Every structure is written in structure tokens, then in C-alpha cells.
1. Take residue B:107 and tell me if it is crowded, with 21+ Cβ neighbours inside 10 Å, of a type in the set (Phe, Trp, Tyr) and part of a helix (DSSP H, G or I).
2. Check off (1) open to solvent by 20 Å² or more (accessible area, probe 1.4 Å); (2) within 24 Å of residue B:79 (Cβ to Cβ) for residue B:228 and give me the number that stays unchecked.
3. Among the numbered criteria (1) open to solvent by 50 Å² or more (accessible area, probe 1.4 Å); (2) hydrophobic (A, V, I, L, M, F, W, C); (3) under 20 Å from residue A:28 (Cβ atoms), which one does residue A:73 miss?
4. Restrict the check to region A:17-27 and report whether at least one residue is out of contact with any Ser or Thr (no Cβ under 9 Å at 6 or more places or on another chain), away from every other protein chain (no Cβ under 14 Å) and exposed (fewer than 14 other Cβ atoms within 10 Å of the Cβ).
5. Here are some residues: A:101, A:47, A:81, A:33. Which one is under 12 Å from the mean Cα position of the chain (by Cα) and hydrophobic (A, V, I, L, M, F, W, C)?
6. Take the residues in region B:612-626 that are over 20 Å from residue A:35 (Cβ atoms) and open to solvent by 100 Å² or more (accessible area, probe 1.4 Å), then tell me which one is farthest from the other protein chains (Cβ to nearest Cβ).
7. Out of curiosity, is residue A:6 open to solvent by 60 Å² or more (accessible area, probe 1.4 Å) and among the acidic types (Asp, Glu)?
8. Mind listing whichever residues of region A:31-55 are within 14 Å of chain B (Cβ to nearest Cβ), touching a residue at least 40 places away in the same chain (Cβ under 8 Å) and farther than 16 Å from residue B:625 by Cβ?
Amino acid sequence: MTLTLEHFLTVAALLFCLGLVIALSKRNAVGMLMGIELMLNAVNLTLIAFSRFGSGGGAVAGHAFTAFVITVAAAEAAVALALAVSVYRSRQTVEVDQLDLLKL
Amino acid sequence: MDVPGVSEAVLWAIILCPLAAFTAIALYLRKLPKLAGWLSIAAITASFALALVALVDTLGADGRAATHTHDWFHAGPLQLSLGVRLDGLTAVMLVVVTSVALLVQVYSQGYMERDPGYGRYYAWMSLFITAMLGLVLADNLLMLFVFWELVGLSSYLLIGFWFHKPSAAAAAKKAFIVTRIGDLGLLAAMLLIWTRGGTLAIDEIHELVLTGALSGTTLTLFGLGLFAGAVGKSAQFPLHVWLPDAMEGPTPVSALIHAATMVAAGVYLMARFFPVLEASPDARETVAWIGAATVAVGAALALVQTDLKRVLAYSTISQLGYMMLALGVFGYAVAVFHLFTHAFFKALLFLGSGSVNHATNTFDMRRMGGLRTVMPLTFWTFLIGTLSLAGVFPLAGFWSKDEILLEAWHQNRALYAIAAVAAFATALYMFRAVFMTFFGTYKGGEPVDPSDEDSHFHGDPAHPHESGRVMTWPLLALAAGAVAAGWWAWGREFQHFVEGAVPADALHHAPAFSYGIAIASSLIAVAGIAAAWAIYQRRLVDSAEIRRTAYPLALLLERKFFLDDLYERAFAAGLFQRGWNRLVAAFDAFAVDGAVNGAGWLGMQSGRVLRHAQTGQVQLYGAALAAGAVVAAIIVLATGS
């Protein structure tokens, strides 16, 4: 059995759904962030897979995108964690269902 | 056939000199009034010199036309051009406008001295002159219309020059709105000729008219549309009501409006499109009868005015009526000739009245009298202007008015009768003004009101004095014009010159000079003078007695035929304020405001419903987002695109 595009896409889709479920269901903000990271990496996987199997025939655009996504995700994680820390200092909690001050 | 060979640049420079002065003053020199005045005078002097160059050149070409046309822009089938045209008619107008404007500008140096708006005054004056010069040089109707409206705008600015006086502001508005009613007709005429003839160029319109390419109805409507514009601008009955009120502006402005710029524009327009009148008897008849009505109304109303400037204003209306009447009886050249001579003596009379005002602080003739001895220069020049206006041989007014009467005599005896009776009234009301102002004993003028901060009067009205040289010299120059301008018509030279401006086959053969008509009109003028002398100097008949005997008539005249009341009550207050304006106000309150408020109400109501979706739970938002993405993906997959 050889690996085809479908295999990669299936794994990526599963990974994405997993991440989505975590992001939507975890009450802990840090847990949500981890779910989001999972979703990002699922996308990275599809990018690499298309880059390898797609009509471009090994073009580097997918690789370049992935490198960017990893970088941006790192930056985003830094900011988001800093926010989580800051929110914990002022509210003594990072449970997202408690953070609803904008509601009327 | 040779045409004027003067360079196109010269013609454009005639317009651009005062325009440059206007721009410079408006942008940089408002705070340097003395410099503004000098710059403005220098610019108009340059224009005057160039106009003389153009005149000499056109004389050499027998008044035939030279046009310089350039493409302006194309938009689909619409092709607009921009250009200047020089011919006999334009050359005469250029010289009239620039010479009168120059003298008025010089005179204003004395008259407007110490006015805080001195710089602004010269800026508007320059704009006014620019607009008029552009109007007479334009080679197509669109450009003419643009300058036509600019004339309207600058007259509004100048009539309302002392805008802090409510009466001046109202007069400016009145002038603007009333002339705008006529302009609607001009605009309609432009659209008509554009849709039917496909051109706005003056040459091509002349050609269309002469070749008979337009139907009779189109021609008549076109002629009447043009005439509607002229009725507003040239203060013809029944739109003459703005002109007497325009006296609220500074006197030199009145002189310019009445002599060379504003009101001349309407007569110029009709003269420019004279072939249209020639080709459409209905339009021509209308012009003639409206002209005659204006002659009569103006002359009758001038008889009962007590304000010197208003006498002159109604006299202008009456004289403009003569010009229109002349156009209506085939007297194209005569109308232009009367415009030409009238410019000199009417400017002279207005500047003379300004000089009187400078000494007495009033325009009310009942507070003047006896100024003959203290203001000899003003008196003599005013007398020359009056004699010229009354049509006394051999002054300028005699030649032109006599020619109009002659043309009227040959076309229609009823029109002649109206014109002749009005000529008698002209002599009567002008000499009434002269006797009341300059003869008898001085009644003291209007005392200076120290609390009136708007008054810039300096001097003592109780002891009037002659005005300074800067004001009397323009009077002398204009008096020379009022004496001599008529002689240009000797041997029909003037007529021949301006007739070069219209296609030769559009012209009617003018009747020959008639001694009978000339002697009759001289006798009429002398009779008018004698009547004025009998009533206002010797007091053989008491004027109050006449008023009592003919009380209904006197009341009718004093209330200006109730036209102002009619316009104000019926149109302004009734039709507009109570009718149309209320309708518009209701539309504004319900439809426009309703739409705006309704949009706000809709936003608030929908917000009230939708705010329940705003839970503050970020994960709920995320779930909605994901669900939306899934739905979008399903739609894309299902439609297979």
C-alpha cells in the first residue's frame, strides 16, 4: 500500500475536527489554545500534502506557507498565553464561560 | 471677404485682464485696498486698450466676424467647444463695456473711499466686468450662458454689497431670483436648439435659421426662450421689478449695471440672435409688444418717483424697452446703437446722482434743490446727460431714439404712438428730476446720523460742495460721450458696421432718415421739457393738484401697478410659501425625515431582538462560526462548483 493524498487529507481532517472540538468544548482558556494549535497544524498537514501531491509537482509554496503558519502560530501562542496570565491575575480564573463582561 | 485679423490672444487677454485682477485681489490683496483699486483700474485700462485694437481691426473688416473655436470636451455624441468671436457687434460692446467700466472704476476711487469693503468692492467689480466681456466674446451659446450666469452672480454680490443692510440683502436676492426665472427660458432655448439643430455655435445657429432647416414652431419657441432670458436680464415688463430695487447697491455699481454690463446683456443676446427674430414673426411681434409695454411702464413709473436713483432706474427700464421695441420692428442696428449711446448718458446720470449723494447724503429729491450753484460741474454734466436722454438735437440720444421712432413708424403706428408718448414722458420726468435737484432752494439734505455705523458719509450735508476731481473727471469724459457718440451714425456708418455681424440676407432694409419724424420727436422732447418747467419750476400747475385730480392713476403708479404686491402676495406668499413650500415641507417631514428616522427605528428594533444572540460565551461564537463554515462547505459541494 502506498500513501496517497487522500490518506494525508483524512488524517488532517480528523486532526482538524479534534482541534475544533477541543477549542469549542474546553472551559480552560489554555486548553482552547491547544485545540487551536491542533487545527493550525491540521492545515499545515494539508498544505504540505498538496505541495507534494498536487499539480504543482513539488512546488515550494506549500512549504513556505507552512513555515509562515508555524511562525505566526508561535507568536499567537505567546500573545494568547500572556493574555491568559493577565486575565488570571485580574479575575483569578481562566474559565472562558466566566469571561462574559461584554454581554449586556 | 476679409475678416478681423487681430490675434486670438488679444481677445482672450481682454477677458483675462480683469479676471487676473479679480483673482489677485480676492486671494492676496483684500487687506491692501489701495493697491487693489489701482490693480483693478490697470487691468481694465489694459482691456480697454485691447478692445480699441479689436475695434479698429474690425472697422477695417467692415464688422464681419472672425471666430476662433477650440474643442473643449467630448462625451459621446456631445461635443462642446470653447471659443471667441469678434465682429462689429462684439467690438462695439467691448468698447462700451470697457470704457464705461474704466470710468466707473476711476470714479469709485472717490465714491467708495473709506468704505471698509473697498478691496472686496474692486474684486467683485473686476469679476463683473470679466463676466460681461466673456459674454460678448463667446462664440457659442453654452459659453455665453456660463458668463451670463456669472454676470448674474456678480450683480448679486454687488447689489448686496452692503449686505448688513437688510434692504440690500433683500434687493440682491430679488435681482438674482427674478433674473433666474428668465434664465430658465434661455436654458430651455439652448436645450431646444441642441436637440433640434445639434449645435450651440452662434454661426451654425444663424445658418440653421437662414437655410430654413428648423420648423417655424421650433424657431418661435427658440426665439421666445431667448427672449425670456433677455426679459429677466434686461428688466423687461413683467420681470422689471428687480431693477429699481437694485439701487441698494453702491451708485457706481448701478451705473455699471444700467449702462454697460448687466442689463445690456439681454439686448445683446437678442441682437446676437436677430436672424431668429427675422425668421419668426410671432417671436418678433412678442418682442416688439413687450418692449413697448416696458417703455410705457418704465416711463410712467419714473414720473412719480421721489428718489433720484429710482427715477433713473425706471428710465433705464423704459430705454431698454425702446431697444427691444427696435429689435421687434427690424431695427437691429438701431437697437445696438441706442444701447451704445444710452450706455454713455445713463452712466453719466448715475455717476452724477452719486456725486449729488456725496454732497447731500441722500437720494431723496425732496430734500435737495438749488445744487446748480454749489455743484456746477455735476449740474452741467447731469444736464447734458438729461438732454441726451430726452433726445434733444444734436446730442447722442437724439440720433438713436429718433431712429427707433422711425423704424416703429414704418412697421406699426400703434407702437410708434406708445414710443412717442413715452418720449414725452421721458423729457418730463428727467427735467422734473433736474428741476427738483438743481433748481430752487436747497432743502438741507439728510443730516448725518452719528449712531449709524454703516454710513461712511464725510462732510456736512447742510453745506454741500462739489465732489473731488476723481469723481468729476469721469463725469466730463462721459459727458463728451453723451454729446458725441451719436455722430457715429452719420451716413449710416455705425449701422453698416454692426450689420456686418449678422449674415447679410438676414437683414431688413432700414428706412431712410426722415425729417418729419426727426422734427416731431424733437418737438415732443421740447414739449416734455416745457411741461416739466411749467409744473416743477414755475409751478403754473401744482403737482399735488394733479395728483388729487387723477388720484386712482397716481395711486396705481405710486404702488408700481401693484406688481410687487402681486408677486409677493400671490406668488411668493401664496403660491410658494403657503402652497408649494408647505407641500415640500410636508414631504421633507414625512418622506425624507420618515426614511431617516425609520432606518434608525429599524436598527434599534432589530438590535433589540438580535442582542439575545450576544451571550458573551466565546465558545458559542466559535461553534456558530464552525457551523456556518460547514453549511457553506455543503452548499459549495452540493452545487458542484
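1. Working: crowded, with 21+ Cβ neighbours inside 10 Å: yes; of a type in the set (Phe, Trp, Tyr): yes; part of a helix (DSSP H, G or I): yes.
When the stated conditions are applied, residue B:107 passes them.
2. (2)
3. (1)
4. The answer is no; no qualifying residue exists.
5. A:33
6. Across region B:612-626, the extreme among qualifying residues is B:612.
7. Values: open to solvent by 60 Å² or more (accessible area, probe 1.4 Å): yes; among the acidic types (Asp, Glu): yes.
The answer is yes for residue A:6.
8. Within region A:31-55, A:33 is the sole residue that qualifies.
The values are calculated or read from the model by the stated rules, or taken from the named source; none is laboratory data. Everything numeric in this text was worked out from a predicted model, so none of it was measured. Positions of Cβ are generated from backbone atoms using ideal geometry, with glycine treated the same way; all protein chains shown enter the neighbour counts. With ligands, DNA and RNA removed, areas are computed over all heavy atoms of the protein, side chains included. Shrake-Rupley method; radii C 1.70, N 1.55, O 1.52, S 1.80 Å.
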